[in-house]
1. Just 236, 315, 299 to compare: in a GNM of the chain, with alpha carbon springs under 10 Å, which one fluctuates most?
2. In whole Å, what are the Cα extents of the range 69-138 along the three principal axes, biggest one first?
3. For the range 228-385, what relative contact order do you get, as a whole percent, if you take Cα pairs closer than 8 Å and at least 6 residues apart?
4. Taking the chain as a Gaussian network, Cα atoms linked when under 10 Å apart, which of 173, 92, 335 shows the biggest mean-square fluctuation?
5. For the chain, what does the helix formula give at 222 nm: sum of -39500 (n - 2.57) over DSSP H segments with n ≥ 4, over the residue count, nearest 500 deg cm²/dmol?
6. Mind pulling the angle between the C-alpha long axis of helix 243-255 and the longest principal axis of the chain? Nearest 10 degrees, somewhere in 0 to 90.
7. Report the Cα centroid-to-centroid distance between the range 62-77 and the range 206-252 in angstrom, as an integer.
8. Which log10 I(q)/I(0) values does the range 204-294 give at q = 0.11, 0.24 Å⁻¹ under the Debye formula, counting every alpha carbon as one identical point scatterer?
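What follows draws every value from the coordinates through simple rules; no lab data is involved. What you are looking at is a predicted structure, and each value in this text was computed from that prediction instead of being measured. Backbone-built Cβ (ideal geometry, glycine too); neighbour counts: all protein chains shown.
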């Protein structure tokens with residue numbers, strides 16, 4: 001009897017050990033990543049924002065209460081900082097140059113932002129800055145070179161769309177983002193009115209130099225797991241995608257772009273996948289609109305914050321794109337464009353919309369309902385969040 005009891009207790013103890021082992025080895029720990037029959041996966045979240053347009057009103061706001069030459073841009077962006085903190089990498093188009101040798105200006109046709117804006121972008125988590133825009137040469141060659149220097153001297157910021165040494169004109173910026181090599185390339189289609197001197201060492205990537213864009217994208221495809229192209233293109237102040245945008249998007253996809261991020265129209269435009277002849281697909285967001293601005297029409301005050309996940313199978317090395325989403329971002333301001341603030345559309349309220357100092361003669365129906373309707377008209381339910 002005693003022998004039988006001992007055998008029984010030993011069996012119970014053995015089963016307890018087995019159960020504890022199963023629980024321990026199957027629980028979700030930092031060293032036990034999710035795995036299925038296809039392998040172990042790493043995920044990286046990428047975000048992208050549209051035109052960062054620093055107007056005179058925003059500059060005045062940032063300067064108020066500070067010593068001469070000092071600026072605080074935190075209040076403009078603080079309401080969306082938590083959203084941006086989810087990104088492992090983020091890209092933005094800096095519409096104005098950043099040149100300490102020229103006067104600060106936020107009025108058309110010349111834009112030059114204080115150097116403090118570079119620190120602000122870094123603080124928000126933007127680490128890839130596109131400077132290929134039609135305003136890149138507002139202050140000539142020196143303004144462009146100063147912008148590159150300022151951004152590159154700000155720790156962890158990568159600059160795309162222009163280089164200080166044209167020998168590297170077709171070289172993409174490549175970042176290792178959670179084990180995934182992501183390449184970034186940029187160009188501007190509206191070509192600045194000014195041009196670089198022929199003997200300039202600098203280079204601004206423009207759409208007319210299509211062979212160089214091809215080289216840059218092809219080089220990016222060879223060196224990286226994933227290729228993002230920022231295209232400052234399209235017609236200003238329009239919701240409709242131009243035939244030229246669609247044609248260029250098709251070329252970029254065939255050359256190797258996995259995602260194309262558009263800016264310049266100042267308005268949010270549609271998103272879609274385009275099919276490539278090799279069977280792949282390219283995600284195209286034709287325009288993210290304005291990230292921040294103090295423009296006066298309602299449609300110019302709703303921009304988009306694009307996000308998507310890159311998923312890498314660590315056993316096969318394959319990288320795929322998942323969960324592409326576009327969230328609305330609203331620029332809010334008071335009378336005479338005072339107290340400019342950004343809000344996620346999901347956080348914006350009817351009370352805020354009612355006191356917005358938008359030009360009501362141009363957008364008489366401006367309201368929270370108006371903004372949500374605009375978002376749904378521009379971005380299909382497949383991508384809206």
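1. Of 236, 315, 299, the Gaussian network model singles out 315 as fluctuating most.
2. Sorted from largest, the Cα extents of the range 69-138 read 34, 26, 18 Å.
3. Relative contact order, the range 228-385: 17 percent.
4. Comparing 173, 92, 335 in the GNM, the peak value goes to 335.
5. -8500 deg cm²/dmol
6. It is inclined by approximately 40 degrees.
7. Distance between centres, Cα-based: 36 Å.
8. So the normalised log intensities work out to -0.30, -1.24.
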